[in-house]
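Have a look at the structure below, then the notes.
The values are calculated or read from the model by the stated rules, or taken from the named source; none is laboratory data. All values derive from a computational prediction rather than experimental measurement. Cβ placement follows ideal geometry from the backbone for every residue including glycine, while neighbour counts extend to all protein chains displayed.
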Amino acid sequence: MNPLLPLRAALAGGLLAVWTPPCPAADAGAPRARAGLLLVANKGDRTLSIVDAASGRQLAAVQESGETGHEVAASPDGRRAFVPVYGSARVGQAGTDGRLVDVIDLETRSVVGTIDLGRGLRPHKPVFGPKNGLLYVTTELDNSVTIIDPATLRILGSVPTGRSQSHMLAISSDGRRGYTANVGSGTVSVLDLDARALVTTIPVATIVQRISLSTDDRWAFTADQTKLRLVVIDTATNAVSTSIPLPGLGFGTTPTPDGRWLLVTLPALRMVGVVDLGKMRVVRTLDVPSAPQEILVRPDGGVAYVSCDQSRQVAVLNLKDWRVERLIDVGPVDDGLAWAGAN
């Protein structure tokens, strides 16, 4: 039937009538709803894997603009990924010095922009500020953290770390404090992100690796690379508080959202350790493929993803019953992880 006939009949009878046409399908032009995506930086072939988290299927492997991205961050709206192109070397070793940050559109699965830092700085760990939405990227060769506006891709400034090899970064939940693990100097730098200033540096060990914060921001954790322990820093005093014995050398750490557990990779043992933060000790270990690097806990706290860089796989850990649920095939030498999309 002609949809205008009811309107004409109503007008002929002296009635006011409004005809509303059928709604177009699914809000045309609005962002599409999407299940969660797991993003994986593959150092071995210079790609970013985009994985459908529900099925565990790799949807695409996006080629990066250079050698090579180690870490990745997803924009808060889940539309883009930011991959710093670090260079060809390991931290502190000879090799090329990356100067770009790739911007990858997760819908088109392509590089849609680059941020040029102006010179080789070995950009490494990207983290979004939880309050201001700015992108913070460690820039090792400048002993700094660079601040980027992700909307305009403009560099806004930097924060000095006071030490070399500021490799990894964690930011407090209020966005005011940053903490960098300075590998070769064995220190942690505490940064005032609002003032863009160094607060202090904390001596920790001969060599450290990676850093994370407890869910309540009370503790910072970094892995001693010369002893079998995690070092625990009290963020109220900016001093080492205690250490947690480990069965092997630790590497990456991540807390669970409920604040009860801290997960730590043990690469040489092919394990993930589970630390009870109430007791400050390892209470169980889980076997994973070789060699676990980074851990990402899904926002709902039910699952953790572990990049295993010698196996080309990500292990999916069920945190309710503490078992490996599945393995996801990705690229070679997989390392950095990020989550984009639904919780």
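You will find that of Ala61, Ala53, Ala73, the residue that is in contact (Cβ under 8 Å) with a residue 60 or more places away in the chain and under 26 Å from Thr152 (Cβ atoms) is Ala73 and no other. The residue that is surrounded by the most Cβ atoms within 10 Å (Cβ to Cβ), among those in segment 68-101 that are among the acidic types (Asp, Glu) and under 19 Å from the mean Cα position of the chain (by Cα), is Glu71.
Matching residues to (1) part of a strand (DSSP E or B); (2) surrounded by fewer than 19 Cβ atoms within 10 Å (Cβ to Cβ); (3) in contact with a Lys or Arg (Cβ under 9 Å, 6 or more places away or on another chain):
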residue: Gly250; (1), (2), (3): no, no, yes
residue: Thr254; (1), (2), (3): yes, no, no
residue: Asp258; (1), (2), (3): no, yes, no
residue: Val283; (1), (2), (3): yes, yes, no
residue: Ser290; (1), (2), (3): no, yes, yes
residue: Val306; (1), (2), (3): yes, no, no
residue: Ala315; (1), (2), (3): yes, no, yes
residue: Lys320; (1), (2), (3): no, yes, no
residue: Asp335; (1), (2), (3): yes, no, yes
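Exactly one residue among Ser173, Ser158 is hydroxyl-bearing (Ser, Thr, Tyr), part of a loop (DSSP other than H, G, I, E, B) and either more than 19 Å from Gly336 (Cα to Cα) or free of Cβ contacts under 8 Å to residues at least 24 places away in the same chain (or both), and that residue is Ser173.
For segment 146-168, a residue qualifies if it is within 23 Å of Asn182 (Cα to Cα) and of a type in the set (Val, Ile, Thr), and the qualifying residues are Thr146, Ile147, Ile148, Ile155, Val159, Thr161.
Note on segment 230-248: residues that are over 25 Å from the mean Cα position of the chain (by Cα), part of a loop (DSSP other than H, G, I, E, B) and over 24 Å from Thr285 (Cβ atoms) total 1.
Taking the listed residues Thr206, Thr222, the one that is of a type in the set (Val, Ile, Thr), at pLDDT 95 or above, part of a loop (DSSP other than H, G, I, E, B) and more than 21 Å from Trp322 (Cα to Cα) is Thr206, with no other qualifying.
Looking only at segment 70-90, how many residues end up being assigned to a loop (DSSP other than H, G, I, E, B) and either at pLDDT below 95 or under 17 Å from Gly341 (Cβ atoms) (or both)? Give the steps one after another, and end with the answer.
Residues of segment 70-90 assigned to a loop (DSSP other than H, G, I, E, B): 70-72, 75-79, 86-90.
Still in the list and also either at pLDDT below 95 or under 17 Å from Gly341 (Cβ atoms) (or both): 72, 75-79, 89-90.
Residues that pass the stated criteria total 8.
From the list Ala33, Ala60, the one residue that fits, being modelled with pLDDT of 95 or more, among the small types (Gly, Ala, Ser) and not in a helix (DSSP H, G or I), is Ala60.
Considering segment 260-281, and only residues there that are assigned to a strand (DSSP E or B) and not aliphatic (A, V, I, L, M), the residue that is surrounded by the most Cβ atoms within 10 Å (Cβ to Cβ) turns out to be Thr265. Note on segment 102-151: enclosed strands (runs of 3 or more DSSP E) holding 1 or more residues that are under 24 Å from Val51 (Cβ atoms) and over 15 Å from the mean Cα position of the chain (by Cα) are 110-116.
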